[in-house]
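Some notes on the structure that comes next.
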Amino acid sequence: MLKTIENSAAVTQAADQNQSTPPMVRFDKVTKRFGDLVVLNALDLDVAPNERVAIIGPSGSGKSTLLRLLMTLETPNEGVIYVEGEPLNMMPRNGKLVPADERHIRRVRQRIGMVFQHFHLFPHMSALGNVIEAPIHVLGLSRQEAVTRGEELLEMVGLVDKRDQRPSQLSGGQQQRVAIARSLAMRPDIMLFDEVTSALDPELVGEVLSTIRRIGEEHNITMLIVTHEMGFAKEFADRVCFFDEGKICEQGPAKELLTNPQNPRTQRFLQAVLG
Amino acid sequence: MNIWDWEFAWRIMPLLLDAVVITVYATVLGFAFAAVFGLVLALMRRSHRPWISLPTVAFVEFVRSTPLLVQIYFLYFVLPEFGVLMPAIVAGILGLGLHFSTYCSEVYRAGLDGVPRGQWEAAVSLNMSRYRTYRDIVIPQAIPPVVPALGNYLVGMIKETPLLSSIAVVEVMQQAKIIGSETFRYIEPITLVGAFFLVVSLVAMMGIRRTEAWLRQKVLGSH
């Protein structure tokens with residue numbers, strides 16, 4: 001138990017190093033209910049700039065909901081989510097926080113990108129078309145700029161030769177890499193990965209994980225990664241949060257938590273997952 | 001003998017063909033209106049703003065539950081009482097267009113509902129506006145699957161155009177009635193009218209199939 005406290009102290013310390021700058025992401029007592037079901041229960045979570053946080057836990061523990069709230073695909077019932085000190089789901093008006101309007105949400109959301117379990121590529125566009133759509137129409141880039149940037153990103157994910165192919169002509173792993181490129185094309189400060197390898201055949205998981213590693217090497221991006229790939233979490237993440245029943249049950253530096261969990265529920269979960 | 005007079009049939013053919021042009025003209029314009037306005041109605045119905053969606057629902061339900069003939073009469077005979085005057089052909093096209101736009105809007109609604117939620121979520125994750133998401137992502141995927149259903153309404157509309165004869169638009173049915181009343185021969189003109197509708201409907205259906213195949217190819221890029 002003592003170890004857990006130390007761990008979280010280490011984490012807070014890391015965040016405190018930039019005391020002047022607020023955390024990149026802050027969940028402040030965020031509750032999300034679906035009907036009577038409490039999916040997230042007064043959750044507090046701070047993520048430092050450029051930190052990589054892996055989120056693990058049993059299904060239904062609220063992991064994906066956390067990411068979906070941050071992406072504004074869901075709205076919290078209570079609490080405030082901040083992006084670098086700026087409220088996301090609320091906005092200040094006359095010194096009070098009121099529910100945010102579409103304009104406010106779009107402005108703050110600009111900094112966040114998300115990659116989904118089932119890719120959600122646009123099936124009627126080529127790989128390149130998927131990557132340049134939002135940069136042109138949301139960021140206002142010229143077509144030429146967007147294509148140049150899009151080709152660079154497809155190059156980075158190893159798919160520049162597939163630029164004119166439709167998603168239906170690509171394998172799952174390739175589709176997911178296009179989806180990663182599409183998200184990166186918006187130059188997000190924060191990227192959310194929601195079980196991005198869970199829908200893939202086992203032999204395709206590696207190519208997607210190494211793409212994420214490469215982003216970690218080449219870009220300064222804060223990452224929240226919901227995953228079942230414990231090996232990847234251990235080696236890639238700075239911190240692991242174990243979710244259970246809508247709360248963070250245990251968290252700490254990735255290697256420590258995954259090799260030496262303190263909470264019995266974490267131990268049971270890891271035992272079941274790692275076999 | 002003399003049940004069918006070929007010579008008479010040939011003689012009235014040019015008159016009827018001229019009237020077929022009016023029928024086709026009214027159908028094409030009416031359906032263009034219905035296809036475009038139907039999509040507008042479907043989008044308005046999906047609006048998050050109740051002051052847009054609720055009147056749309058009311059309008060669609062009202063128009064769908066009243067006869068086209070009554071609507072055409074309303075446009076042509078009642079609106080002038082309020083100073084809104086229009087030529088018969090315009091009233092007819094507008095009536096057909098409005099009436100069928102409500103049916104088309106239901107077809108589009110099904111198509112829009114059929115676009116997976118994940119497409120919307122991806123658009124949100126790229127911070128796209130609702131307008132841009134509809135325009136570039138949702139509508140292009142919603143339309144190809146509903147083209148056959150729209151085609152049924154096109155054929156349906158073709159077959160409703162004789163109602164325009166009630167406001168004295170000289171479309172093919174009206175022309176046949178005129179010929180009949182002047183010559184007391186109905187067999188040839190009415191039979192020919194039936195044959196014309198058959199041909200026009202078949203051509204329309206073929207056109208719809210081609211459009212569907214072309215759109216599928218273009219949008220989904222399937223081989």
Note on segment B:112-162: residues closer than 28 Å to residue B:24 by Cα and hydroxyl-bearing (Ser, Thr, Tyr) are B:153, B:161
Those residues of segment B:113-144 which are surrounded by 18 or more Cβ atoms within 10 Å (Cβ to Cβ) and within 30 Å of residue B:200 (Cα to Cα) amount to B:140, B:141, B:142, B:143, B:144
Listed by range, strands (runs of 3 or more DSSP E) wholly within segment A:33-126 having at least 1 residues that are more than 26 Å from residue B:116 (Cβ to Cβ), more than 12 Å from chain B (Cβ to nearest Cβ) and open to solvent by 40 Å² or more (accessible area, probe 1.4 Å) are A:37-47, A:52-56, A:78-83, A:90-93, A:96-99
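Find the residue count for segment B:31-53, including only residues that are more than 19 Å from the chain's Cα centre (by Cα), assigned to a helix (DSSP H, G or I) and under 18 Å from residue B:115 (Cβ atoms).
Final tally of qualifying residues: 2.
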Listed by first then second residue, the pairs whose first member lies in segment A:248-264 and is under 12 Å from residue A:238 (Cβ atoms), whose partner is outside any helix (DSSP H, G or I) and of a type in the set (S, T, N, Q), with beta carbons under 8 Å and at least 6 positions apart or on separate chains, are A:257/A:251
Inside segment A:172-213, the number of residues satisfying the requirement of being within 16 Å of residue A:236 (Cβ to Cβ), charged (D, E, K, R) and away from chain B (no Cβ under 14 Å) is 2
For helices (runs of 4 or more DSSP H) lying entirely in segment B:54-156, having 1 or more residues that are under 30 Å from residue A:179 (Cα atoms) and within 13 Å of chain A (Cβ to nearest Cβ) picks out B:117-125
Looking at segment B:198-210, is at least one residue within 14 Å of another protein chain (Cβ to nearest Cβ), polar (S, T, N, Q) and in a helix (DSSP H, G or I)? no
* On the given criteria, is residue A:198 in contact with a His (Cβ under 8 Å, 6 or more places away or on another chain), of a type in the set (Gly, Ala, Ser) and not in a strand (DSSP E or B)? -> yes
Over segment A:210-260, the set of residues in a helix (DSSP H, G or I) and surrounded by fewer than 18 Cβ atoms within 10 Å (Cβ to Cβ) is A:210, A:213, A:214, A:216, A:217, A:218, A:230, A:231, A:234, A:235, A:255, A:259
Does residue A:142 satisfy the criteria of being over 23 Å from residue A:214 (Cβ atoms) and either within 8 Å of chain B (Cβ to nearest Cβ) or surrounded by fewer than 22 Cβ atoms within 10 Å (Cβ to Cβ) (or both)? yes
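The values are calculated or read from the model by the stated rules, or taken from the named source; none is laboratory data. What you see is a predicted model, and the numbers here were worked out from it, not measured in a lab. So basically every Cβ, Gly included, is an ideal-geometry build from the backbone, and we count neighbours across all protein chains shown. Surface areas here come from the heavy atoms of the whole protein model, side chains and all, with no ligands, DNA or RNA. Shrake-Rupley method; radii C 1.70, N 1.55, O 1.52, S 1.80 Å.
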